[in-house]
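Scroll down for the structure; my scribbles are underneath it.
The numbers here are math on the coordinates, done by the rules we state, and not lab data. Bear in mind the structure is a predicted one, so any value in this text is a computation, not a measurement. Counting neighbours? That spans all protein chains shown, and the Cβs are built from the backbone with ideal geometry, glycine included.
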Amino acid sequence: MNTEKLSPIVKGMFKHMPGVKSLLPTRTGGTIKSRYCYAVWMRHLKNWNQFNSAVPQTVVELGPGDSLGIGLAALLTGTQKIYAIDVIRYWDVERNLQVFEELIQLFKSSATIPDNREFPKINPPLSDYSFPSTLLSQQHLEQTLHRDRLQAIRKDLENIDNPNNTFIRFACPKEASEVIPAESTDLIFSQAVLEYITDLGHCFQEMDAWLRPGGCTSHCIDLSAHGITPSWNGHWTFSELEWKLATGGKKVVINRLPYSAYLEQYRKVGFQILSQDLVTCDHLFTSAQMARKFRGLDQKDLTTRVAYILARK
């Protein structure tokens, strides 16, 4: 067995041992930082704004992670309702409130969007990191940051499971379609989340059901091995059994699907792709080194590490 596989499998088998999983960290990383949340939302908003003249009013976030900060940033820009969908509640009320207060200050100061020098792993890159003052004018921000509105959002955060909340609803994936009305959503977005979805077809069908006609999806998809293997695309060299061993300690595991698998789902639901931004890297393995199920991948699949896709229903 080569070094590409040996270390991940040994680590994964260790995590399979009784009692080890309970000691593993429960955070996903990233959204505990308000500037990270600000940087991510402003990227999605700026891309949305290329094809839409106003802030999306109803937004769904898939996989918010360690805080609801990215969705909170959306609310502070004028979104009226955010639905947060996740399999695990990684966040807590105290963290959400702290990130919220820090985000308020970023918007009050019309802060420049943190670029890839501060967060080199955030995609997609922007051509202009200045604050979008045309979309988010001072008059607009006076309304979105009004103290009464901010206090109402805080109350929602303190009682996140209240079905009568005005601004924020949380749901697990199984409950999502009961919580989100059909054709009610302007924008569905995610940041490095779709690669964890096991039933991608069902996910796209639900997004199609939630989006209003003309609504958009904005997804940044990380197609790499997520650090499980030494090489960025080493996950495609593992057989199913080897991959199960290597990821044994993880509660949520990447689906290992390539770029083309996502394009196929956009095609099936009939979404129109408006723009794409791809990060490519060299393919590092021979065909013989690839697992059998991945040997038929074409050159674009083999070299696409990150895909940002903005699409319209």
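Descriptive notes on the structure:
- Of the peptides 102-111, 84-93, the order by per-residue mean of other Cβ atoms within 10 Å, starting with the highest, comes out as 84-93, 102-111.
- Here's the list of aspartates and glutamates a cross-link from LYS293 could span, going by alpha-carbon distance under 14 Å and ignoring same-chain residues fewer than 8 apart: GLU240, GLU242, ASP301.
- Rounded, prolate or oblate (a/c below 1.5 giving rounded, otherwise prolate when a/b exceeds b/c) for segment 258-313 by Cα gyration tensor: oblate
- Highest average first, the peptides 55-63, 287-295 ordered by how many other beta carbon atoms sit within 10 Å of their residues are 55-63, 287-295.
- Sorted fewest first by neighbouring Cβ atoms within 10 angstrom, LEU263, LEU223 come out as LEU263, LEU223.
- Most simply put, the chain has about 45% antiparallel DSSP beta bridges, counting only bridges with both residues inside it.
- Range of Cα positions in the chain per principal axis (Å), largest first: 62, 43, 40
- 14 Å beta-carbon shell around ARG292, net charge (K/R +1, D/E -1): +1
- Scanning residues 5 or more positions from VAL60 or on other chains, those with amide H under 5 Å from its amide H are TYR83, LEU187, ILE188, PHE189, with H placed 1.01 Å from N in the peptide plane.
- Eligible aspartates and glutamates near LYS46 by straight Cα distance, threshold 13 Å, same-chain separation 8 or greater: ASP128
- The ranking of LEU45, LEU245, LEU126 by Cβ neighbour count inside 10 Å, starting from the fewest, reads LEU126, LEU245, LEU45.
- Peptides 69-75, 145-151, 216-222, 271-277 ranked from most to least packed, by the mean per-residue count of other Cβ atoms within 10 Å: 69-75, 216-222, 271-277, 145-151.
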